[in-house]
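Everything on this sheet refers to the single structure shown next.
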Amino acid sequence: MGPRGGGEGGDGGFEVDIEIRALNDGEMEFKLSGVNPAFANALRRAVIREVPTMAVDEIEVLVNDSAIHDEIIAHRIGMVPLKTPLRGYSLPEECNCEDGKCPKCSVTFSLKKEGPGVVVTGDLKSSDENVVPVDDSIPLVKLEKGQKLELLAIARLGLGRMHAKWQPGVATYKYMPVLRVDPRRCDGCNACVEVCPPKILSPSNGKIKVSDVTKCTMCRMCERACRREAITLRYDDTEFIFRIESNGALKPEQILQKAIKSLEDKCKEFIKLLDKLVE
Ligand SMILES: [Zn+2]
């Protein structure tokens, strides 16, 4: 992909750059430069559609005395995010077994509880200690005295494009704001400083200084507040602030790695098909 605007790039070679701005177990923010909006969007879609995670896919209800229907409980359990090991499991369609219930492609959970009390995700006992709910305290259903709930659940790998329960989290991006204050026009009235919601403008020697422009929300309040038209706000469509927020199934950097890998695999597949056509 070309470095600027999607062309082949006259100066030769790639200029794609990733600068990590924040990273912890739940979130990742990075600056993605040297790509076009189509590439940034492809990456966003790969994150939410193509990264395999574990989720409960099949439930057998043995006893349910609760006030909630079997189907509602099944749906609630399906939506519980599960910690997903990077290796060790294959997608059911890629597994050699016939029913998608072998240890290579599935994890079994059992749940047995009697009221009074609230059944929580921690009550789901897994056949693999590496595949467990990311949080033990998510309430599933409330049981009155004497009411019982007993079920078996099977979790499998899946992709976000099949069902949202397999989404590893959310991905968003925004264009890099470009905020210029013309010092010849600016008379230092500070009207823009007052109105800016993220407070990134400050007075400096009778002029205006811009601090962290990545916090700009592009609301254009500063532009409108300026009587002397000293402020111009536009965006750079080759630079993006990209955010990945994990639901806990995988770490954000693992999500990014898997998403990029899926794009790579798709390109390889495409090349393979084209090779056949050319032969
Ligand atoms: Zn299998």
Which residues make up the longest stretch of the chain clear of trypsin sites (Lys or Arg not before Pro) that lie in a DSSP loop with no more than 16 other Cβ atoms within 10 Å, not counting the sites? 5-86
Quick test of your reading: applying the under-4.7 Å Cβ rule, which cysteines of the chain are isolated? CYS186, CYS189, CYS196, CYS216, CYS219, CYS226, CYS267
Ratio of the chain's C-alpha Rg to 2.2 N^0.38 Å, to two decimals? 1.36
How far apart, in nm, are the 7 Å Cα→Cβ label points at ARG228 and ASP17? 3.3 nm
For segment 180-239 versus segment 78-94, the gap between their alpha-carbon centres in whole angstrom: 47 Å
Please name whichever of ASN96, ILE138, HIS75 sits farthest to the positive end of the charge dipole of segment 53-166, dipole taken about the Cα centre and charges placed at Cβ: Lys and Arg +1, Asp and Glu -1. ILE138
Determine which lysines satisfy two conditions relative to LYS209: a Cα distance under 16 Å, and not lying fewer than 8 residues away in the same chain. LYS199
Once label points are set 7 Å from the Cα along Cα→Cβ at both CYS102 and THR172, what is their separation, rounded to one decimal in nm? 4.3 nm
Hits among lysines - C-alpha to C-alpha of LYS113 under 18 Å, sequence gap 8 or more where chains match: LYS125, LYS142, LYS145, LYS148
Order of TYR89, TYR173, TYR235 under a 10 Å beta carbon neighbour criterion, fewest first: TYR235, TYR173, TYR89
Sequence neighbours fewer than 8 away in the same chain don't count; with that in mind, list the aspartates and glutamates whose C-alpha is under 12 Å from LYS174. GLU29, ASP236, ASP237, GLU239
Can you tell me the equivalent ellipsoid semi-axes for segment 53-166? Use √(5λ) from the Cα gyration tensor, largest first, whole Å. 26, 13, 12
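Throughout, read-outs are computed from the coordinates displayed, never taken from laboratory work. Remember, predicted model here, so these are calculated numbers, not experimental data. Counting neighbours? That spans all protein chains shown, and the Cβs are built from the backbone with ideal geometry, glycine included.
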